[in-house]
Amino acid sequence: MTSIDDLSKVTLEEGVLRITISTAANGTSLDDEGMIQGAAALESFGDDIGSILLVGEGPNFCAGGNVRAFASAPDRGEYVEGVAQNLHTFVRALDAASVPVVAGIHGWAAGAGMSLVCLADIAIGGTSTKLRPAYPSIGFTPDGGMSWSLPRIVGAGRAREILLSDSVIGGDEAVRLGILTRLVGDDEVQEEAARLARTLAHGPSSSYAGIKALLRSSRTNTLSEQLDAEAASIKTAANSPVGREGVDAFVEKRRPDFVAAKQA
């Protein structure tokens with residue numbers, strides 16, 4: 001079992017699993033160790049996690065892969081594949097998470113950084129935030145799931161245009177397209193994302209898990225199958241401690257205590 005004390009890129013506080021995906025080093029490129037530690041933490045601390053917060057520690061959220069490291073690798077293809085595999089292990093763990101994923105995006109989110117933004121449930125940007133696929137600019141193709149997630153957010157046609165033209169997307173346009181949830185002041189991004197992650201961590205966790213499970217099943221279900229899944233899910237929710245607390249609190253005109261209900 002991994003100990004949180006062994007993870008320099010990850011903290012767990014008040015139910016919020018904070019994962020540093022980039023640092024100021026190497027032009028705020030993707031932090032490979034952050035991907036490895038993030039995946040390990042998601043596997044090891046699942047029951048203790050109420051929400052996930054993705055952050056970059058530098059002038060940008062994440063400016064993509066470390067291109068200088070790509071250039072100096074003896075076998076570039078093998079090296080880049082290894083970086084992609086570590087990223088993809090993290091992406092799979094993030095996608096499977098039953099808790100809300102929040103990202104605070106300041107500055108640039110390019111390449112793998114934009115891929116991770118597309119995986120967040122809620123992405124808070126700043127007025128100066130910019131996104132760019134960035135893969136064509138170095139003759140690469142996408143990783144991190146961007147070729148899967150972006151079409152589902154903006155539509156297939158717009159995704160083709162963004163990827164092939166290597167579009168730079170400003171914050172307002174990213175909100176309009178649904179890539180970012182909303183914008184705040186540049187100096188408020190990290191604080192607002194952390195505040196939201198804490199709020200969600202104290203919310204109706206089993207409800208969030210059910211919502212995310214339904215959204216996941218909707219990727220392949222027919223409408224009829226999804227209706228059956230919704231009926232089964234809401235039945236389970238109604239009988240759960242969290243669901244009972246929510247309904248009782250509404251009837252009794254008080255604020256629900258979902259954390260206590262979860263622990264009961």
In the range 20-43, anything farther than 16 Å from Ser3 by Cβ and crowded, with 18+ Cβ neighbours inside 10 Å is listed as Thr20, Ile21, Ser22, Thr28, Ser29, Leu30, Asp31, Gly34, Met35
Q) With respect to Ala120, is the statement that it is in contact with a strand residue (DSSP E or B) (Cβ under 7 Å, 6 or more places away or on another chain) and crowded, with 18+ Cβ neighbours inside 10 Å true? A) yes
Those helices (runs of 4 or more DSSP H) completely within the range 123-238 that have 2 or more residues that are closer than 30 Å to Arg255 by Cβ and either open to solvent by less than 50 Å² (accessible area, probe 1.4 Å) or touching a Lys or Arg at 6+ places or on another chain (Cβ under 7 Å) (or both) are 189-201, 205-217
Checklist entry - Does Val55 satisfy the criteria of being within 21 Å of Ile4 (Cβ to Cβ), β-branched (Val, Ile, Thr) and at pLDDT 95 or above? => result yes
Would you confirm whether or not the range 186-201 contains a residue that is under 23 Å from Gly64 (Cα atoms) and over 19 Å from the mean Cα position of the chain (by Cα)?
yes
- Kindly establish whether Gly113 is in contact (Cβ under 8 Å) with a residue 24 or more places away in the chain, open to solvent by less than 20 Å² (accessible area, probe 1.4 Å) and not in a helix (DSSP H, G or I). no
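The values are calculated or read from the model by the stated rules, or taken from the named source; none is laboratory data. Only a predicted model underlies this, so the values are computations on that prediction, with no experimental measurement involved. Glycine also receives a Cβ, built like all others from the backbone with ideal geometry; neighbour counts cover every protein chain displayed. With ligands, DNA and RNA removed, areas are computed over all heavy atoms of the protein, side chains included. Shrake-Rupley method; radii C 1.70, N 1.55, O 1.52, S 1.80 Å.
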